[in-house]
1. Which one of VAL488, VAL503 is over 17 Å from ASP348 (Cβ atoms), of a type outside the set (Phe, Trp, Tyr), assigned by TED's automatic domain parsing to the domain that holds PHE404 and in contact with a Cys (Cβ under 6 Å, 6 or more places away or on another chain)?
2. Going by the conditions given, is LYS409 basic (Lys, Arg), in a loop (DSSP other than H, G, I, E, B), closer than 30 Å to ASP537 by Cβ and at pLDDT below 95?
3. Right, PHE29: without any contact (Cβ under 8 Å) to a residue 24 or more places away in the chain and among the aromatic types (Phe, Trp, Tyr) or not?
4. May I ask you to say which residue of SER212, SER208 is in the same structural domain as ILE315 (by TED's automatic domain parsing), farther than 24 Å from GLU342 by Cα and either aliphatic (A, V, I, L, M) or surrounded by 13 or more Cβ atoms within 10 Å (Cβ to Cβ) (or both)?
5. Just one of ILE216, ILE247, ILE234, ILE224 is over 22 Å from LEU281 (Cβ atoms) and either of a type in the set (Val, Ile, Thr) or in contact with a Leu (Cβ under 6 Å, 6 or more places away or on another chain) (or both); which is it?
6. Mind checking which residues of the stretch 3-30 are surrounded by fewer than 18 Cβ atoms within 10 Å (Cβ to Cβ) and hydroxyl-bearing (Ser, Thr, Tyr)?
7. Being of a type in the set (S, T, N, Q) and either assigned to a helix (DSSP H, G or I) or more than 23 Å from the chain's Cα centre (by Cα) (or both): is that true of GLN378 here?
8. Of the residues TYR530, TYR492, which is within 24 Å of the chain's Cα centre (by Cα), among the aromatic types (Phe, Trp, Tyr) and modelled with pLDDT of 95 or more?
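The values are calculated or read from the model by the stated rules, or taken from the named source; none is laboratory data. Since this is a predicted model, take the numbers as computed values, not measurements. Cβ sites come from the backbone with ideal geometry, for glycine too, and all protein chains shown count toward neighbours.
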Amino acid sequence: MPENEAKKFFEKAIEHYNEKKFDLAEKNFESALNLSPNRISILENLASIYFLNKKFGKAEQILNKLGELRIDNNKLSEIKFYVLKKLNKHEELKELLKEKNYFKDINKKIFINAKLLYPSFFNNMSEIDEARSNLIENIEELNRAKNINLSLDGEMIDPPIFNLSYDQYENIDVNSKIVEIYRKIYPELNQKFKIKEKNQKIKIGFISEFFSNHTIGKLFKGMILNLDNKKFQIYVFHSHKTDQSLIFQEFLNAEKNSNIKNIILPKNFQKSVDEIVQKNLDIVFFPDIGMSSEFYFLSFIRFAKTQITSWGHPITTSNKSIDYFLSSKLLETNNAQERFSEKLILSDYLPMYFYKPKIKNILSEDEIVKKNSYFCSQNLMKVHPHFDEIISKILNKDKKSKIFFIKDKDEIMSKQLLKRFKKNNAIDIERVFFLEKMGVENYINICGSSSVLLDTLYFGAGNSFHESMFYGTPTVTMPTNDLKSRIVLGAYKQMQIEKPIVVSSIDEYVDCAIELANLENNKMLELKKYLQKSADDHLYENKEFIININNILENLYKIQD
């Protein structure tokens, strides 16, 4: 009888799967497995459905059980590859690739994918150096290889440039190699279109997957919606995957009273290209290149005479199809151009029009003067192994200190980071806490109730700093020469802070953070109010930047001749 019942659940699960009702399919496969725990067909389908539903830990458990039952086939190996990749289990991935050397012959996509793998988490500098060295060697191997052409539709391989950005190294050379190999893998990236004559009214297209309740939406919404629509015909290109959240709705609503047209690009790469080409744009603006795989590849195409990127992902593209990089005089060093393949455009202000957050439940003064509370609110990818020294020294010097991080969505990286901390005997793990993911208002209130915010090394805060200034909680920052570490520094400059909280060594960072976290209540409140007012006066909704960006874009149009 259990077998018959299991069969009914299985058949129902297949029916839901074919209808793309994956959550219902998962529940029915699980019910079937409870009744028939070793049925191979159930296990195989459940591994697939867990992967589709992004439950990678559960998918791995099923795959391991199939391995114990000695069940092995090409499809399962492919799922295992992607599951281990999502779980950041790169040692296990190496073993799988050794064991499944036939990927080279039977699955060209996985073979190339494996060559271009770059981890998103490291335990130490040796791992970083080894991974970078291996990636460069693998790219050179692929460049020598023949018959490695793939199609972007159905065979898209995530570019490694995003993960490569989070250490202390510059990437202009390695990114150039990555561009070169992708142009070889995907011939459609090399197609060319005739650029037509200039339009009377400047046609500008903004292209991003993240014009939503996302960092990119928050950083660039104000710029786009406040451009002079008497001079510009504005097109906003979204992905079919764009989260249709409040900011996305703002873009849609802007069509009613602004000269803006929203276009949701299809999943098919060539159809997306054709859709953009048809608009005969004068200027194309990619706010972020590298955060979205699909739109990374769109940036290879020359759609307009002038193509720009900016600090949404603050790394040079090393791609000749991108002409300019919009940054700021407040952010760059004198020799900054050396780190960019694009020609730098330096705005007089931070290149954004950032709206002050709206908070319903505002903290009291008593709630914002807590001592000994240190908050590192950054994406855990940014927590470089060198940052561990800062954590250990704060915990050692300030015996009352508590240090807070935020878990990642799937708790993959937070578990890895906790494991790394536990191996470090200098870190008192009992005073390190990982908070659950939270909404924007809760996040800003936690920033407000913290004594001090800890900027990560090498790739620091951006949007999160601007949100934290709602309460004026000080951030300690240690910038390098690279743009990705200098956003907080630039914000302090724009805020006209007399003594910005900027340090030049780890020991200075630790001492500064501890001093701030132990200020007397009246001094902490005074500092937070000073920073808050400076943000209100100079950081939020900067109309001078809108004048600046209108002039910059108009001048780029004029020099096209």
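1. The match here is VAL503.
2. It is false that LYS409 is basic (Lys, Arg), in a loop (DSSP other than H, G, I, E, B), closer than 30 Å to ASP537 by Cβ and at pLDDT below 95.
3. Yes, satisfied.
4. Going through SER212, SER208 in turn, just one is in the same structural domain as ILE315 (by TED's automatic domain parsing), farther than 24 Å from GLU342 by Cα and either aliphatic (A, V, I, L, M) or surrounded by 13 or more Cβ atoms within 10 Å (Cβ to Cβ) (or both): SER212.
5. Testing whether each residue is over 22 Å from LEU281 (Cβ atoms) and either of a type in the set (Val, Ile, Thr) or in contact with a Leu (Cβ under 6 Å, 6 or more places away or on another chain) (or both) leaves just ILE247.
6. none
7. For GLN378, the condition - of a type in the set (S, T, N, Q) and either assigned to a helix (DSSP H, G or I) or more than 23 Å from the chain's Cα centre (by Cα) (or both) - is not met.
8. TYR492
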